[in-house]
1. Please report, in whole Å, how far the alpha carbons of the range A:56-155 spread along each principal axis, starting with the longest.
2. In chain A, carbon and sulfur make up what percent of the accessible area (probe 1.4 Å)?
3. If you project the alpha carbons of the range A:239-354 onto the principal axes, what extent comes out on each, in Å, largest first?
4. So how compact is the range A:123-359: Cα radius of gyration and Dmax in angstrom?
5. Could you pull the accessible area for B:Asp88 with a 1.4 Å probe, rounded to 10 Å²?
6. Name the residues whose placed amide hydrogens come within less than 5 Å of the amide hydrogen of A:Leu117, ignoring near sequence neighbours (fewer than 5 apart) on the same chain.
7. Radius of gyration and Dmax for the range B:94-164's Cα atoms, expressed in Å?
8. For peptide A:137-147, compute the average count of partner chain beta-carbon atoms within 10 Å of each residue's beta-carbon.
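The values are calculated or read from the model by the stated rules, or taken from the named source; none is laboratory data. All values derive from a computational prediction rather than experimental measurement. Positions of Cβ are backbone-derived with ideal geometry, glycine not excepted, and every protein chain shown enters the neighbour counts. Calculation scope for accessible area: heavy atoms of the full protein, side chains included, ligands and nucleic acids excluded. Shrake-Rupley method; radii C 1.70, N 1.55, O 1.52, S 1.80 Å.
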Amino acid sequence: MPLKNRSYFALILLLIFTMSMGALRAEEQEKKSFDIKEMIFTHVLDSYEWHIMTIGKKNISIPLLIIVKGEDGWHAFSSSKLRDGQQYNGFYLSKEGKNKGKVVTKNQAGEEMRPKLDISFTKNAASIIIASIALIIIMLSIAAQYKKDPIRPMKGFGGAIEQLTMSVYNDVIKPNIPNDYQKFAPYLLTVFYFIFLNNLLGLIPLFPGGANVTGNIAVTLILALLTFIITNVFGKKEYWKEIFWPDVPVFLKTPLFPLMQFIEFIGMLTKPFALTIRLFANMLAGHMIVLVLMGLIFIFYIMMGVGGALGISVISIAFGIFMLLLDVLVSFIQAYVFTILSAIFIGMARPEERQVQKSN
Amino acid sequence: MELFTPEVGLLFWMLIPFLVVFYVLAKYAWPAILKGVEKRNQFIDESLIAARQAKDELARVKADSDAILEQARIEQAAILAEAAKSRDKILEVAKDKAGEEATKIIASAREQINLEKEDAIRQIRREVAILSVDIAEKVLRDNLNEKESQMNMIDRLLDEINLG
């Protein structure tokens, strides 16, 4: 199928081109001086509006909803009201300092400060909603086919989803959770597809994708916390015994010197921490490497002019394609790893009776 | 650094959609898909068992039909042998009968021929007697013209009769 391959190739080139456009925007704003750090951070961080592209000097972006709680209660307004340093009800986007780019207001002393609560519907929030709706539509349409005729084998996309689902179910969930794996399968499957879909959407630089959702620590923190809560809520008494009265010499676990309890407690907390950081760092790194490769083109342009930019763009685009393809793989692997680790943590808190007897 | 501090807003916007997705998929999607696959696997297992049973059944039917065919073949051979035997017997009997008939016919033919022969001989004799009488008459008519010869003749005849 050479035509199809060629169209994929063209698509990837287009994606990289649009990425370069974003970089170009940053370059134009800085007028001949290119701040690669600035460029990268505007791409990987959350923002109040969804920038799509810049044509000439005109930014095309979708304004999103800003919801903040100030001193005088809740405010909700469009992010377009804060464009180009405008103020609205005393709220504006901070230009520098530790709150740079965030909605801030001035307190009575005239100091710049964040509002009490900022639950704005940001780019990442919008991306999560899009991914969620897409996931629900995809899965419900496939489930509907099963309801209609479960005997008929699934074909095409549905068949691929079935294979993926069953491999996660049989190879990840079933072997890692000794007791009642069926009870935890819905959560773990949801986690897997949620991460996988958001990872893939993040790789597409055009509108419905492009948000660095799974490379945002808030997102991974929520997922890790949910696994943490499930692990502890459904932990059996053997699990709690291991934490509060483990099989070690008594002097290591007396109330006067609770060393083991302390270590076990830390061990309890490191699990969600590891889950949070692993997914976040992997996805962030993938985005950053592609952005750096694209940024190189502009750095060389400033240093050596058009010739340098053309020369490095060949290398940058080749590596950029390679990195994006690698990120497709990483998207799957990280979703899979997160699911495996969640399953292992839940499974460890629910040991089999036999294993407990052996350790006694 | 901003990268490592989770935003409260995004925590909220992550938690709510995720819980909604989890609720919807856990209620409507995963059970349907997992049960559907299980149902299909069960159906495949049952089909395999049924197929094996059908195969066994088929083998048994084939063995039965083979036995029936074998039996028929044996019976056919027996019938053929019987037929050959009775054919031989019939031929034998027929041959015997035919032989007898033939001898009978030959015997009667021979008798007939003998009768005919005797008849013919008798007839020939009669012809010959008549002929000899005629000849004798002619001879006698010639020789008995003279008296003496007539007398001689009579004498000789008388002698012969006497002698006889």
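1. On the principal axes, the range A:56-155 reaches 70, 39, 22 Å in Cα extent.
2. Roughly 68 percent of what the probe reaches on chain A is carbon or sulfur.
3. Projected onto its principal axes, the Cα set of the range A:239-354 covers 73, 31, 15 Å.
4. Cα-based Rg and Dmax for the range A:123-359 come out at 22.5, 73 Å.
5. Its accessible surface works out to 80 Å², give or take rounding.
6. For A:Leu117, the qualifying residues are A:Lys69.
7. Final numbers for Rg and Dmax: 24.4, 78 Å.
8. 5
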